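Taking it in order: structure first as structure tokens, then the write-up.
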Amino acid sequence: MTTGSSGAAPRATVYGYPRQGPDRELKKAIEGYWKGRVGAAELHDTAAGLRRANWRAMADAGLGEVPTGDFSYYDHVLDTSVMVGAVPDRHRAAAAADPLDGYFAMARGTREAAPLEMTKWFDTNYHYLVPELGPDTVFSAEPAKQVGELTEALALGLTARPVLVGPVTYLLLAKPAPGVDPGFDPLTLLDRLLPVYAEVLGALRAAGAEWAQLDEPALVQDRTPAELNAAARAYRDLGALTDRPKLLVASYFDRLGEALPVLAKAPVEGLALDFTGPAAANLDALAAVGGLPGKRLVAGVVNGRNIWVDDLTRSLGTLGTLLGLADRVDVAASCSLLHVPLDASAERDIAPQIRRWLAFAREKCAELVTLARGLGHGADAVTAELAANRADLASRANSPLIHDPAVRARAAAVTAADTRRAEPYPERSVAQRARLALPPLPTTTIGSFPQTAELRSARADLRSGRLDTEGYEARIGAEIREVITFQERAGLDVLVHGEAERNDMVQYFAERLNGFLTTRHGWVQSYGTRYVRPPVLAGDLSRPEPMTVRWTSYAQSLTERPVKGMLTGPVTMLAWSFVRDDQPLSKTARQVALALRDEVNDLEACGTSVIQVDEPALRETLPLREADRSAYLDWATEAFRLTTSGVRPDTQIHTHMCYAEFGDVVGAIDALDADVISLEAARSHMEVARELAVYGYPREAGPGVYDIHSPRVPDAEEVAGLLRLGLRALPAERLWVNPDCGLKTRGWPEVRASLENLVAAARKVRAEA
Ligand code: GLN
Ligand code: ZN
């Protein structure tokens, strides 16, 4: 193998690294600062120490170029808003008085000023703060953070490359500020924004940056010709600057599609492309545009958002093909390593023979270094690494620990009939009405009741051994009894057990299913200082024994009213886990569905008449490109139906989703064939009820009438007003009354008052009918 025509040895690099530190030191320091226990200087020192340790770790692993500017106290999109001076008016005074406190005020809000809205970063579980822009926005360059971090890395003697959110993606992620015409298009601000980027790039050049990376993941989504033109214009203008580093425009999470020729033609010195999963299509597309003559290609061949060891031999093959397509080829993970945990070797509870299949950020860096060496010096230079990698892959491919012929045979034998309820909805509806005898506008909740400090400390005590299983279960039992008593007294119609025993709606099930691994230190940033430990769906999936029957039957034994069984659906189980990469997601979903189907059937067998299967992640996992969506929705809705179709006609299946924009998936919601769906709707004033009505949704629905994202208690008249709006879209026999989502993050006093008001509102509106 030869190196590229420029003769430079290929480098290994990444676009970002986990921020939190091995023991989540960053989270602790920031939360300590919020509580006044940690001073600003101490927080800055902790952060600088973590950055230094991360750069050292990357350099020690052998990365030839480290990223800078990817560090954040909260979120890199918020950092970008600060960098371009896009501070909302309501936070200006705070930001001027103290930049750090102003920054946290934008992220978290204050008594006076609401925070920026938060939403998902593409199809990941990371959340960013949405920039708020308007026709009056005046940008100004604040390069201090970017320059400061570059300077720190250069001072360590490292080759460093600042990483910035690109101007087009920044504008495409923005929304009109409050009070601005909702039709305002932030992209119209491009000409105002580019000079600010020019200034930041100039400052980075002056500080010693040879290259700067501009991330444009928004260009992997379906884009209009006008948006593609804006991208062309942005990089023509930035490329024309004289006082700037070389520019590397990066994209990830999918293929570039029609944006590839635009960027390939742009006067920038390099492109970074994703070559994993559906983005592998970038390879042929790149060849079709004649490659990147004279440019640098950074090839994202190692999956940056999953945790499996790479197939190094295959990646080396891909890299070899790419060599002919650019002036110089470097090796990277497909996206920032922000989306994976730090260090698989810290997982001492995972058996060593399984741990070798895992690659977290640290292990991925080592893989990239091996690949860069193999690319530069030929596969012979990395024979030992490739052999070890092949052995790891082979042991995974053949391991009885994750392959279960019985599970595979059962999944293969699934028929179309298994994925359909035997009776059409009208027949089920009659049977369910007869069995449940509910009033019109029936009231219920979404599942969880407050996860109190006492419940959390009981769980911690159980883990640490201060409390034995018997003691812990007594606490859970007592909590369930209290939740049932409250609901009966409040007058709710369909009760829940309250999910006191569940730490997390995915983890709880993952811990009880064969095929899942859970990690001890595998923290991944969800937003701000919130980190989650997604379980790893490693192998064929089965259910050794019932998972929820015991507490559900216990709750049912305490009341005459129906208690809803409560499960997390197959799509959400996948969405909030690291999934296996050795078979299509649709196959994995089917295995999860079969295990959950057994649980649904067991709940029915023990007398449960209403069973809810939550799918809050159905909408958020929608593929980024329209062309891939129907295939996804087909297998996703099939997995839900496989989970829920084994029951009798008089067993009522509920589902729940919480995401504000259901419009693009109403067809899929219908395809679930659930008898009842509850949806988030309070903030959008029942918009979703109208959307369902316009679609002609034939079954029952509970658009939320109580916004659980805030401690505010809605009064009965407010709830009644929302119900009357709902009744304009859906008839009383098909309209349920429920909160937007589970109540686990709320406190008891507000939950009590809100649910009492909710029941009072339902009674009042029933009486009006
Ligand atoms: N049943 C779950 C709960 O109430 C649903 C949570 C969710 O939709 N995210 O907590
Ligand atoms: Zn929800």
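The values are calculated or read from the model by the stated rules, or taken from the named source; none is laboratory data. A quick note: this is a predicted structure, and the numbers were derived from the prediction, not measured. Please note: Cβ atoms are built from the backbone with ideal geometry, for glycine as well, and neighbour counts cover all protein chains shown. Calculation scope for accessible area: heavy atoms of the full protein, side chains included, ligands and nucleic acids excluded. Shrake-Rupley method; radii C 1.70, N 1.55, O 1.52, S 1.80 Å.
Consider segment 441-462 and keep the residues that are polar (S, T, N, Q) and buried (at least 22 other Cβ atoms within 10 Å of the Cβ). The one that is farthest from ligand 2 (Cβ to nearest atom) is 443. Within the set 719, 751, 765, 759, the sole residue that is among the β-branched types (Val, Ile, Thr) and within 16 Å of ligand 1 (Cβ to nearest atom) turns out to be 751.
Of the listed requirements (1) under 19 Å from the mean Cα position of the chain (by Cα); (2) more than 16 Å from ligand 1 (Cβ to nearest atom), residue 617 misses just one: (2). Listed by position, the helices (runs of 4 or more DSSP H) enclosed by segment 450-517 that each have at least 3 residues that are away from ligand 1 (no atom under 14 Å from the Cβ) and aliphatic (A, V, I, L, M) are 453-464, 469-490. Somewhere in segment 430-449, is a residue in contact with a Cys (Cβ under 6 Å, 6 or more places away or on another chain) and either free of Cβ contacts under 8 Å to residues at least 40 places away in the same chain or not hydroxyl-bearing (Ser, Thr, Tyr) (or both)? Yes.
Looking at 694, 705, just one residue is within 16 Å of ligand 1 (Cβ to nearest atom) and without any contact (Cβ under 8 Å) to a residue 60 or more places away in the chain, and that residue is 705.
Inclusion of residue 15 among residues that are open to solvent by less than 50 Å² (accessible area, probe 1.4 Å), within 30 Å of residue 374 (Cβ to Cβ), of a type in the set (Ser, Thr, Tyr) and touching a residue at least 60 places away in the same chain (Cβ under 8 Å) is warranted.
Look at (1) open to solvent by 30 Å² or more (accessible area, probe 1.4 Å); (2) within 15 Å of residue 145 (Cα to Cα); (3) in contact with a helix residue (DSSP H, G or I) (Cβ under 8 Å, 6 or more places away or on another chain) and you find that residue 77 fails only one, number (1). Restricting attention to segment 208-230, the residues that are surrounded by fewer than 17 Cβ atoms within 10 Å (Cβ to Cβ) and assigned to a helix (DSSP H, G or I) add up to 3. Among the residues making up segment 615-635, a single one is part of a helix (DSSP H, G or I) and over 15 Å from residue 664 (Cα atoms): 635. Residues of segment 729-747 being touching a residue at least 24 places away in the same chain (Cβ under 8 Å), away from ligand 1 (no atom under 16 Å from the Cβ), out of contact with any strand residue (DSSP E or B) (no Cβ under 7 Å at 6 or more places or on another chain) and more than 15 Å from residue 764 (Cα to Cα), which ones? Hits for segment 729-747 are 729, 733. Scanning segment 597-614 for residues that are assigned to a helix (DSSP H, G or I) and over 18 Å from residue 409 (Cβ atoms) returns 599, 600, 601, 602, 603, 604, 605.
If only residues of segment 271-295 that are of a type outside the set (Gly, Ala, Ser) and more than 14 Å from residue 251 (Cα to Cα) are counted, the one that is surrounded by the most Cβ atoms within 10 Å (Cβ to Cβ) is 292. Among the residues that make up segment 273-289, is at least one of them assigned to a helix (DSSP H, G or I) and of a type in the set (Ser, Thr, Tyr)? No, because not a single residue in segment 273-289 is assigned to a helix (DSSP H, G or I) and of a type in the set (Ser, Thr, Tyr).
Looking only at residues in segment 231-263 that are open to solvent by 10 Å² or more (accessible area, probe 1.4 Å) and aliphatic (A, V, I, L, M), the one that is nearest to residue 276 (Cα to Cα) is 262. Close Cβ contacts (under 7 Å, 6 or more residues apart or on different chains) running from residues in segment 115-131 that are touching a residue at least 12 places away in the same chain (Cβ under 8 Å) to residues that are charged (D, E, K, R) and open to solvent by less than 10 Å² (accessible area, probe 1.4 Å) comprise 128/75; 129/75.
Scanning segment 535-564 for residues that are open to solvent by less than 20 Å² (accessible area, probe 1.4 Å) and either closer than 26 Å to residue 586 by Cβ or within 16 Å of ligand 2 (Cβ to nearest atom) (or both) returns 535, 536, 537, 538, 539, 540, 541, 547, 548, 564. Is it true that residue 427 is part of a loop (DSSP other than H, G, I, E, B), more than 35 Å from the chain's Cα centre (by Cα) and at pLDDT 95 or above? No.
Would you say residue 513 is closer than 27 Å to residue 702 by Cα and modelled with pLDDT of 95 or more? Spelling it out, it is not the case that residue 513 is closer than 27 Å to residue 702 by Cα and modelled with pLDDT of 95 or more.
The set of residues in segment 585-609 that are more than 17 Å from residue 642 (Cα to Cα) and not polar (S, T, N, Q) comprises 605, 606, 607.
Of all residues in segment 543-569, those that are under 16 Å from residue 610 (Cβ atoms) and in a loop (DSSP other than H, G, I, E, B) have Cβ atoms under 7 Å from Cβ atoms of residues that are of a type in the set (A, V, I, L, M, F, W, C) and away from ligand 1 (no atom under 16 Å from the Cβ), 6 or more apart or on another chain, in 562/436. Taken over segment 299-325, the residue count meeting the criterion of being in a strand (DSSP E or B) and either farther than 28 Å from residue 575 by Cα or of a type in the set (Gly, Ala, Ser) (or both) is 2. Flag set for residue 110, criterion: among the hydroxyl-bearing types (Ser, Thr, Tyr) and either surrounded by fewer than 20 Cβ atoms within 10 Å (Cβ to Cβ) or in a strand (DSSP E or B) (or both).
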